[in-house]
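The values are calculated or read from the model by the stated rules, or taken from the named source; none is laboratory data. Keep in mind that what you see is a predicted model, and the values were worked out from it rather than measured. Here the Cβ is made from the backbone with ideal geometry for all residues, glycine too, and neighbour counts use every protein chain on show. Each accessible area value is taken on the protein alone, full model and side chains, heavy atoms only, with ligands, DNA and RNA left out. Shrake-Rupley method; radii C 1.70, N 1.55, O 1.52, S 1.80 Å.
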Amino acid sequence: MGIDETKQRYKELGFKCGLEIHQRLSTKHKLFCRCIANAESESPIFSIERRQRAVAGELGAVDQASSFESKKQKFFVYNIFRRSSCLVDCDEEPPNLPNLDAVRSAINICKSFNADIPDEIEIMRKGVVDGSDPSAFQRTMMIGYDGSMNVGDKIIPITSIFLEEESSGIIKNSDEYVEYGLDRLGIPLIEIDTDPVIETPKEAKQVAMAIGLLLRLTGTAQRGIGSIRQDVNISIKGGARVEIKGFQELETMDEIINAEIERQVKLLEIIDELKKRKAFVGVGIELTEIFSKTNSKLISSQIKNGGVVIGVKLSGFKGLIGMEIGNDLRLGTEISDYAKSSGVKGIIHSDENLDKYEISELESSKIKERLGMNNNDAFILVAEKKEKAEYAIHLAIERAKIAISNVPSETRAADSKRVSTRFLRPMPGRSRMYPETDTLPIDSNNILKEFKIEKVDVEKIKKQLDDEIKNAQLSEQMLWSKELPLYRKIIKTTGVNPAVVAAILLEKMKELKRNNIDVESINEETITRLFHLYKDGRITKGAIGELLSLTPKTPEEIDELIKSKKLGRISGKNLEKIIAENTASDNGKTIQNIMSKYRLAIDGEELNKLLKNKTNK
């Protein structure tokens, strides 16, 4: 990426970074209604449509991010589900009292992060106009503040912890509308915010992993794809604070942060050059007549459908619109992303090869003449219906003007495929917050009296795993593994040696996955049943792996497979009989003869013991 991976380099860049970790909680019901919080495979029963607009927050101002989303003029479709959505989700009924199980879980998480709990928890509304909530706001409450956690030898301050509603799940996003599912809306979600004390992208990744680990270890976090999301706030000297949203996997987090740093560094270089050139941005001028006989299919199709072509001169921008600022990113991409927010497909600019749009040299010359361009100037074009084209060119002009003066403060999406970021909307401010008037505040002291707080100690859990498994590598893997709750359940209910359980859950399951065996389809009840059978001496350790490879879906299916595949354990007198029938010149050959026939049905330790006793006689 061109960024030196040293603390000193990031210090020179003025790099600042903080995290927002969003984790769904595992509760039976949603936060402000009694709908179930995890309805799998439920089909929608009908849908509703809404349009939304931005409103003033508590401070009397309209938030710029909400205003930006509102101007897209999209409508929103919401799928309704029988068990997992209701009138509260549709904003047709006031919220119920907060889910106290979720509040208790959140308070427990706060204590694990050493955070203080406010005496009175105030419920607020946060304006959201991207359509992800039919009410155009999200209910949120600060549950904790002034916390901290240790990551390595460094203390990471946790500034605030919020309990809030999860947004709707997006199903489809088109030019005209967005379709959402209300089954996800309102699931309790915890948000953990750190101070911007993170010094390198790699450290950001480490802190995110540590927070995710602690949340999982509380036992209250929901599991599964999409249940945790990481947002990263970064800035550099001379640049701007940018929020990168949507990290679901941490693998490329540090690379994407580096890409965003490089993007801002390049934008600062462009700003310096534009200032030297005394650059400025012109006004939108209609150029439709120039393309009255064009061979450009893209432009002619728009004109035939009643569209127009609008262009604008960017004085001093020549060669800079096409300048690379990251992986498959240019200043032109930035301007185009703003314009696309109006619903257009994109822009055309003069730093591109215009042949790909079938724009002739004559048409290009006429554009330059009409816009009054000089040698160092560039242009951008938008072809669309008039109202949409005018708004698109307005947004493009706005971004081009920003390019002369500063790096914009934005919310951007993490793009793990391109290892870069892309524009979503301007950075939101405090103007979108206002009090929730339909729900009373929560007295946290009453809740704290009702239940015992179980603070999570990561080091203590790690030591316990080391003592149980007696294998440093396996115990470290188990600490970070999603299988830890299942491991705990199995050793508690079956009494099987923890080392055996860990080896099968971490190593054998991984081996089977590599062989394209769908072990994820086996439920926990069925897996636990296998260990019960092993503990009761009905199957061997080797048979557990074989049965897992057959992907049984129910405990009853296991019994059928044991019978049909002859995987029941052979022991005692039956084993003694087999030994007698397969005795060779020495014990080694006897074992080889027997295990070649009955490998999965005979326990090696028992076989060795019986042979040793026989020899001693």
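For this structure, a couple of remarks:
- Based on C-alpha pairs under 8 angstrom that are at least 6 apart in sequence, the chain has a relative contact order of 15 percent.
- Summarising the amide proton neighbourhood of Asp377: residues at separation of 5 or more, or on other chains, whose placed amide H is nearer than 5 Å comprise Gly316, Lys318.
- Residues of the chain: accessible area per residue with a 1.4 Å probe, Å²: 49
- The chain: translational diffusion in µm²/s, Stokes-Einstein, Kirkwood Rh over Cα pairs, 37 °C, 0.692 mPa s: 115
- Checking the Cα-Cα distances for Lys11/Lys417; Lys266/Lys366; Lys72/Lys237 against a 30 Å cut-off, the pairs over it are Lys266/Lys366; Lys72/Lys237.
- Neighbours of Pro485 by Cβ distance under 11 Å: Lys/Arg scored +1, Asp/Glu scored -1, total +4.
- Spin-label pair Asn305/Gln473, simplified geometry with 7 Å Cα→Cβ offset, distance in nm: 5.9
- Folded to 0 to 90 degrees: helix 458-469 orientation relative to the chain principal axis, Cα: 30
- Förster radius 25 Å - calculated FRET efficiency between Leu561 and Lys535, Cβ distance, rounded to 0.05: 0.85
- Placing pseudo-labels 7 Å out from each Cα toward the beta carbon at Glu605 and Thr159 gives an inter-label distance of 5.5 nm.
- Sequence-distant residues sharing a close amide H with Ser420 (under 5 Å, placed H): Asp415
- Over all distinct Cα-Cα pairs of the range 311-363, the Kirkwood formula returns a hydrodynamic radius of 12.1 Å.
- Sulfur and carbon atoms: percent of accessible area, the range 74-143 [1.4 Å]: 47
- Cα shape, the range 248-328, gyration tensor, a/c 1.5 rule: oblate
- Accessible surface of the range 262-314, 1.4 Å probe, proportion on carbon and sulfur as whole %: 52
- With K and R counted +1 and D and E -1, the other residues having a Cβ less than 11 Å from that of Asn587 yield a net charge of +2.
- Placing R0 at 60 angstrom, the Cβ-Cβ distance between Ile170 and Lys614 gives a FRET efficiency of 0.30 after rounding to 0.05.
- The sum of -39500 (n - 2.57) across all DSSP H runs of n ≥ 4, divided by the residue count of the chain, sets its helix-only mean residue ellipticity at 222 nm to -11500 deg cm²/dmol.
- Here the calculated FRET efficiency for Leu440 and Ala499, from their Cβ-Cβ distance with R0 = 56 Å, stands at 0.60, rounded to the nearest 0.05.
- Remark: the Lys492-Ala240 segment gains 85.6 nm on full extension, using 0.36 nm per residue and subtracting the alpha carbon distance.
- Trypsin sites (Lys or Arg not before Pro) within the range 258-320: DSSP coil, no more than 10 neighbouring Cβ in 10 Å: Lys278, Lys293
- Protein accessible area in the range 498-565, 1.4 Å probe - carbon and sulfur %: 45
- Using alpha-carbon coordinates, inclination of helix 524-535 to the longest axis of the chain, degrees: 20
- Among Val178, Ile158, Ile109 - extreme Cα towards positive end, dipole of the range 59-197, charges at beta-carbon: Val178
- Residue-span extension gain [Lys573 to Lys460] - 0.36 nm each, minus C-alpha spacing: 36.1 nm
- Simple spin-label estimate for Glu251 and Lys386 gives 5.1 nm between the two label positions (7 Å along the Cα-to-Cβ direction from each Cα).
- Entries in Lys245/Lys385; Lys462/Lys492; Lys513/Lys535 that, when Cα-Cα distance is taken, lie over 21 Å: Lys245/Lys385; Lys513/Lys535
- Between Val151 and Ile156, the built amide H atoms are under 5 Å apart, and every one of these is 5 or more places off in sequence or on another chain.
- Each residue was assigned an accessible area with a 1.4 Å probe, and for Leu100 the value is about 70 Å².
- Debye intensity ratio in log₁₀ form over the Cα atoms of the range 304-450, taken at each q of 0.17 Å⁻¹: -1.02
- Here Lys589 is the anchor, and the lysines within straight C-alpha reach of less than 26 Å, apart from those fewer than 8 places off in the same chain, are Lys541, Lys565, Lys566, Lys573, Lys577, Lys597, Lys609, Lys612, Lys614, Lys617.
- Along each principal axis, Cα extent of the range 5-154, largest first, Å: 56, 38, 35
- With every protein chain in place and a 1.4 angstrom probe, the accessible-area ranking of Arg216, Arg51, largest first, reads Arg51, Arg216.
- If you take all other residues with their beta carbon under 13 Å from the beta carbon of Leu561, and give Lys and Arg +1 and Asp and Glu -1, the sum is +1.
- Extension reserve of the Ser596-Glu450 stretch, reckoned as 0.36 nm per residue once the Cα distance is removed: 46.5 nm
- Rolling a 1.4 Å probe over the protein heavy atoms leaves Asp457 with an accessible area of roughly 80 Å².
- Heavy-atom accessible area order for Tyr357, Tyr78, largest first, 1.4 Å probe: Tyr357, Tyr78
- For the range 491-504, backbone phi angles converted through the Karplus equation (6.51, -1.76, 1.60; θ = phi - 60°) give residue-by-residue couplings of 5, 6, 8, 10, x, 5, 3, x, 5, 5, 4, 4, 4, 6 Hz, Gly and Pro being listed as x.
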